[in-house]
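Trainee: The structure follows.
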């Protein structure tokens with residue numbers, strides 16, 4: 001009897017250990033996929049967003065309670081629609097349904113609200129998209145997604161100066177995100193974005209200057225001249241960032 005109890009206890013403990021090991025491996029795999037999803041969204045090309053969509057879909061089915069993954073899946077789908085004209089409204093709606101309420105200012109809610117704004121923009125409801133994007137841009141968050149959605153909505157409504165301000169604010173939060181995306185979808189705007197970033201290179205804060213360097217690097221040839229100028233920045237970290245950016249680009 002005691003032997004049977006011991007065997008059962010040992011089996012239960014072993015089963016628990018195996019479950020924990022598998023769970024940890026699964027969590028690590030999900031984290032890697034979420035990082036890949038985020039990176040593809042940041043690059044913003046049509047192929048990148050297609051991959052992000054596929055990864056988001058996979059995460060949604062393997063981790064149905066992961067609101068962060070669902071929100072990014074929704075954003076990738078909605079951006080494919082708003083920026084490239086791909087009809088992804090059904091998939092965006094599915095992803096947003098998995099996020100649930102977006103009443104708070106947590107990361108998933110903020111990204112999902114930006115996705116909803118872009119989806120409305122694709123559907124032709126520019127006023128509603130602008131209002132929702134403006135509400136999201138006013139949230140207490142460091143995420144660039146709502147500012148990007150606001151910039152796109154303003155541009156669609158003909159407010160180009162307002163669009164430029166929103167996209168510049170998005171670049172302050174996440175330089176490569178907004179710059180790379182705008183360059184991918186509206187390459188003709190790259191020189192104007194570079195010109196808007198030029199004053200930031202004289203900012204007192206070296207952190208803001210290095211953020212501008214990251215954004216200029218994402219602009220490609222349009223940012224090359226300003227990157228060259230930044231090689232003489234008074235802060236060693238900014239100089240190093242400029243040199244690294246120039247070494248990685250074939251201008």
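The values are calculated or read from the model by the stated rules, or taken from the named source; none is laboratory data. For clarity, every value in this text was computed on a predicted model and none was experimentally measured. Cβ coordinates were reconstructed from backbone atoms using ideal geometry, including for glycine residues, and neighbour counts include every protein chain displayed.
Trainee: Considering only residues of region 80-104 that are within 16 Å of the chain's Cα centre (by Cα) and touching a residue at least 40 places away in the same chain (Cβ under 8 Å), which is surrounded by the most Cβ atoms within 10 Å (Cβ to Cβ)?
Mentor: 82
Trainee: Residues 107, 141: which one is under 23 Å from residue 165 (Cβ atoms), surrounded by fewer than 22 Cβ atoms within 10 Å (Cβ to Cβ), within 15 Å of the chain's Cα centre (by Cα) and assigned by TED's automatic domain parsing to the domain that holds residue 50?
Mentor: Testing whether each residue is under 23 Å from residue 165 (Cβ atoms), surrounded by fewer than 22 Cβ atoms within 10 Å (Cβ to Cβ), within 15 Å of the chain's Cα centre (by Cα) and assigned by TED's automatic domain parsing to the domain that holds residue 50 leaves just 141.
Trainee: Something else: For the condition part of a helix (DSSP H, G or I), free of Cβ contacts under 8 Å to residues at least 12 places away in the same chain, in contact with a helix residue (DSSP H, G or I) (Cβ under 6 Å, 6 or more places away or on another chain) and surrounded by fewer than 22 Cβ atoms within 10 Å (Cβ to Cβ), what is the one hit in 47, 128?
Mentor: Exactly one of 47, 128 is part of a helix (DSSP H, G or I), free of Cβ contacts under 8 Å to residues at least 12 places away in the same chain, in contact with a helix residue (DSSP H, G or I) (Cβ under 6 Å, 6 or more places away or on another chain) and surrounded by fewer than 22 Cβ atoms within 10 Å (Cβ to Cβ), namely 128.
Trainee: Got a sec? Which of 181, 152 is assigned to a helix (DSSP H, G or I), under 20 Å from the mean Cα position of the chain (by Cα), at pLDDT 85 or above and within 24 Å of residue 107 (Cβ to Cβ)?
Mentor: Sole residue among the options that is assigned to a helix (DSSP H, G or I), under 20 Å from the mean Cα position of the chain (by Cα), at pLDDT 85 or above and within 24 Å of residue 107 (Cβ to Cβ): 152.
Trainee: Does residue 115 meet the test of being surrounded by fewer than 24 Cβ atoms within 10 Å (Cβ to Cβ), in contact (Cβ under 8 Å) with a residue 40 or more places away in the chain and under 20 Å from residue 57 (Cα atoms)?
Mentor: The answer is no for residue 115.
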